[in-house]
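Quick note: the coordinates plus some simple rules give every number you see, no bench work behind them. Keep in mind it's a predicted model, so treat the numbers as computed, not measured. Neighbour counts run over all protein chains shown; Cβ positions are idealised from the backbone, glycine included.
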Amino acid sequence: MAETADAIHHHEAPRGFIRKYIFSLDHKVIGIQYWLLALVAALVGMTLSVLMRLQLAYPNQEFGFLKWIFPNAAANGTISPELYLSLMTMHGTIMVFFVLTTAPQGGFGNYILPIQIGAADMAFPRLNMLSFWTTFLAFVVMVLAFFAETGVIGPIGGWTGYPPLSALGEIAGPGEGTAVMLWIISIALFCIGSLLGALNFITTMLNMRTRGMTLTRLPLTCWAWFTTAVLALLSFPVLLSAGILLLLEHLAGTSFFIPANSIVNGKLLTDRSGGSPILWQHLFWFFGHPEVYIAIVPGMGLTSQVLSTFARKPIFGYRVMIYAIFAIGLLGFFVWGHHMFISGMAPMTATVFSLVTLVIGVPSAIKTFNWLGTMWGARIRFTAAMLFAIGFVSLFVSGGITGLFLGQTSLDLHLHDTYFVAGHFHMIMGVAAIFGMFAGTYYWLPKMFGRMMNETLGKIHFWCTFIGVNCIFIPFHIMGIMGAPRRYSLHWNPVTGEGLQYLQTMGPLTKFASYAAFFTAAAQIIFFANLIYSMFKGPKASENPWEATTLEWVIPSPPPHDNFGGHEPTVYRGPYEYSVPGAPKDYCMQTDPEPSESPESEH
Amino acid sequence: MSTTTVTRPGAKIRPSGVGARGNGSHDDGRFPGGGGPPSGPGRSGGGDEFHPEKYRIAVWVIVVGVVMLFVALSSAYLFRSAWQPLDGPSDWTPLWRPRVLWLNTAIIIASSVTLEVARRFLKREKYLFFNRWMSMTALLGLGFLAGQFMAWRQFVGQGIYLRTNPHSSYFYLLTSLHALHLLGGLVALSYVTVRGLRFNFGVRQDAAVQATSIYWHFMDALWVFLFVLLFFWR
């Protein structure tokens, strides 16, 4: 039944607006829908982070505009600890799920993967539409949580949602009733949407490759999306199971996570017995660590693609890059314990988790050196996309190195739950992954919308963002070593003398990080202005503006409804054949026949 | 001086330079690099040919996803049942085993057998026999679901609910999640049965039956695993 509909779908584009742009079956429209959803979510998440930095730079000061934004949560114009916690929770949740997981995989992956493998669409277009709309519904439910309770704008338990706080319901405090329920439902919906997406990605990549597109001729972006889909397939069911248990705690009064005889806000709970909050941590981090890779792995693939394109050199160690990406994905499933060193763990177990964590450094270093090897001695074209890809490598190194610190059990005892951790994961999974998205946007926007982005503005945007994020997050590491705890709405208030006295010298550093955050957030205006202007008024893009070799660059920009116009491209070469000796130009498209077929090029 | 453009056949002029407008080699409607109209058996172009493979891959992917869901919950179950507080005896009170679950286990194993028989008949194109055995499989599937419902009713009749004790929590959780996934399998079984009864046979039916049988056998194995886990472990 679905096949007949697909057959029609492949031949001509649907005409009505709703069929074409809203409930579309076209992977390109769905990709753009995901990408736009992520852009909106990124704006929301960024706004929340700016408000948090405002509170940290000016602890408990009154700001008139806060009354206007949060008429009931900040009625007196200050950010209360509860409001701060809910800002942080929503910032984390929205950024991790609806930006870092949505844009690189759902957005670019959906748009580019079928084209790069030479297919007319994903394997299951209807499922693809369903997975986007499930994700969209999840976002709507998450936004509802903003308005669920008074005094806060969502749950206050952080994006990790640790029970028992998140499992007890209203007695646990503001935001832990309706808001946390909406939060769980949203996460569960998101899991389902991601699983449907992963199913589609894996099937598409295994079954829909065109003639000649062998596995070792696939662009590294495809390998990255495939690995990500496998990670999602293996980890999201676990989060879903944890979400179901947490929902049952609220709806059915079970005790999976709530220990017996807990005293909550001075009240002894007698109706729950014998659960373990640690169970949630195991389930959550079994998902949570692969989730970090779900966020960053597409960025790795994209960086490989962009570096090779603009260095005009083949990627260094193509096969090793594939093995390294799989190794990172595989090892990611055996390290979840390093998030729980201080939750209580047998020292032997902790050592094993620590060792496996450090081993991830090996494939990561292989990737880093291969990227450097790709750029070594190259005549680099410094486009905005290239700058962001190089920025990705830089942040991957500076964020990854601190991961080795945190992977040490003994060091982690001190650094756990400090700003050091916040600095580490913002560098690597936050900003590095977002640099991947920026690189993807500058690189593929000409393909997606048929218009070039302004390169000068792109370069200004890069330098502002790159300097800005380092100014935000390098101080985080120093604050962490000083012992500043995460998630506190206030470290030291010099006016009233509230807070942690040992942190009273940290004030200038906190202010500096906040100013850097305001600056970086403001710099994104350049990006959005450039993006919106270029989408409609930018210079028209040719079919291959970057002189790249992969299949998306052999078709018009933007591509027609069924990508290759009913034809099936034939692939003769690997994906990164730049500066091929003896070739007539400095790059060979994947669709160019082998030179050995013409007699004069044989040497 | 007149300019002459020499175009060698086969050499394509590529747009060069960042952001350059290309020569529009697609203007003539041909796609560069497109190897012409697709050829070969089973290749009808545009990707609208029927790929039976993709359904098989998709079902295996679904199986892996469902396995992960139950791996997570079963390991939680194993740890919970073995857990002992430091200051006292274990609070684990095992449930009694409803006898209807034995019947259910027999029913679902039987349904796997009838499904295999139906599949053999389909392979030999004996469609009448296929329909008979496939309908039987669907009915057995329904019977299993009814039996599970009876088991829940028996517990509820004795005042054992989801929140009563840890074992009952996990029992209801695991069995109802299994039933929910089984319901999906039942929809698939009904789909292929109805198609069969309408004599709608061909490659699509073959693919649907194959995909359904992979999923159904997995549901069967999953139930046997859960039955052992819930009532024979420890």
For peptide A:577-590, how many partner chain Cβ atoms fall within 10 Å of a residue's Cβ, on average? 1
Pairwise label distance in nanometres, A:T349 with A:F63, each label 7 Å out on the Cα-Cβ vector: 4.2 nm
Once you put a point 7 Å from the Cα of A:L358 and another 7 Å from the Cα of B:V156, both along the Cβ direction, what distance in nm separates them? 5.6 nm
Using a Förster distance of 45 Å, how high is the FRET efficiency between A:L215 and B:A106, based on the Cβ-Cβ distance and rounded to 0.05? 0.50
Scaled to the compact-protein estimate 2.2 N^0.38 Å, what is the alpha-carbon radius of gyration of region A:476-603, rounded to two decimal places? 1.98
Which ³J(HN,Hα) values, rounded to whole Hz and listed in residue order, are derived for region B:111-118 from phi using the Karplus coefficients 6.51, -1.76 and 1.60 in 6.51 cos²θ - 1.76 cosθ + 1.60 with θ = phi - 60°, glycine and proline given as x? 5, 5, 5, 5, 4, 5, 4, 4
Shielding score for A:538-547, defined as the mean number of other chain Cβ atoms within 10 Å: 6
Between A:T270 and A:F518, how many nm apart are label points set 7 Å from Cα along the C-beta direction? 5.4 nm
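Which FRET efficiency value, to the nearest 0.05, is calculated for A:M535 and B:W60 with the Förster distance at 45 angstrom and r the Cβ-Cβ distance? Walk me through the intermediate numbers first.
Details: r = 40 Å, r/R0 = 0.89.
Using R0 = 45 Å, I get an efficiency of 0.65.
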Between A:E498 and residues 5 or more places away or on another chain, which pairs have amide H atoms under 5 Å apart, with H built 1.01 Å from N, and which residues are they? A:N493
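In what sequence do A:C191, A:C588, A:C471 fall when counting other Cβ within 10 Å, fewest first? Numbers along the way, then the final one.
On the way: A:C191 26, A:C588 21, A:C471 16.
Arranged by neighbour count, lowest to highest, A:C191, A:C588, A:C471 become A:C471, A:C588, A:C191.
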For region A:285-292, 3J(HN,Hα) per residue [Karplus equation, 6.51 cos²θ - 1.76 cosθ + 1.60, θ = phi - 60°, Hz, x = Gly/Pro]: 7, 4, 7, x, 6, x, 4, 4
With the cut-off at 1.5 for a/c, could you classify region A:119-158 from its C-alpha gyration tensor as rounded, prolate or oblate? prolate
Taking neighbour Cβ counts within 10 Å as the exposure measure, how do A:K367, A:K537, A:K67 sort from fewest upward? A:K537, A:K67, A:K367
Set of lysines with alpha-carbon distance to A:K540 below 29 Å, sequence-local pairs under 8 removed: A:K20, A:K28, A:K313, A:K447, A:K459, A:K585, B:K12
Select from A:T441, A:P508, A:W183 the residue farthest towards the positive end of the dipole of the protein assembly as shown; place +1 on Cβ of Lys and Arg, -1 on Cβ of Asp and Glu, and compute about the Cα centre. A:T441
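When only Cα pairs under 8 Å and 6 or more residues apart are kept, what is the percent relative contact order across chain A? Walk me through the intermediate numbers first.
On the way: 1058 pairs, mean separation 93.3, N = 603.
About 15 percent, as a whole number.
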Counting helices only, and only those DSSP H runs with n ≥ 4, report the 222 nm mean residue ellipticity of chain A as the sum of -39,500 (n - 2.57) divided by its residues, in deg cm²/dmol to the nearest 500. -19500 deg cm²/dmol
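Quick one: grab the alpha carbon gyration tensor of chain A, order the square roots of its eigenvalues as a ≥ b ≥ c, and give me rounded if a/c is under 1.5, else prolate or oblate depending on whether a/b is larger than b/c.
Numbers: a/c = 1.72, a/b = 1.58, b/c = 1.09.
Prolate, since a/c reaches 1.5 and a/b exceeds b/c.
Would you mind ranking A:R487, B:R234 by Cβ crowding within 10 Å, fewest neighbours first? Can you show the working numbers first?
On the way: A:R487 16, B:R234 9.
Arranged by neighbour count, lowest to highest, A:R487, B:R234 become B:R234, A:R487.
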If every alpha-carbon in region B:157-234 counts as one equal scatterer, what log10 I(q)/I(0) does Debye give at q = 0.16, 0.22 1/Å? -0.69, -0.96
Given N residues in region A:457-534, what is Rg(Cα) / (2.2 N^0.38 Å)? 1.38
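Which three semi-axes in whole Å describe the equivalent ellipsoid of region B:58-202, each the square root of 5 times a Cα gyration tensor eigenvalue, listed largest first?
On the way: eigenvalues 282, 58, 26 Å².
Ellipsoid half-lengths, sorted descending, are 38, 17, 11 Å.
Run the numbers for B:L197 and B:L78: contour at 0.36 nm per residue of separation, minus the present Cα-Cα distance, in nm. Kindly include the intermediate steps, with their values, before the conclusion.
Values: separation 119, 0.36 × 119 = 42.84 nm, distance 4.43 nm.
This chain segment gains 38.4 nm when fully extended.
Grab the beta carbon distance between B:F225 and A:I22, set R0 = 41 Å, and tell me the FRET efficiency rounded to 0.05. Write down the numbers at each step before the final one.
Details: r = 43 Å, r/R0 = 1.04.
Working from the Cβ atoms, E equals 0.45.
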Report, as an integer, the average count of C-beta atoms from other chains found within 10 Å of each Cβ along A:197-210. 4
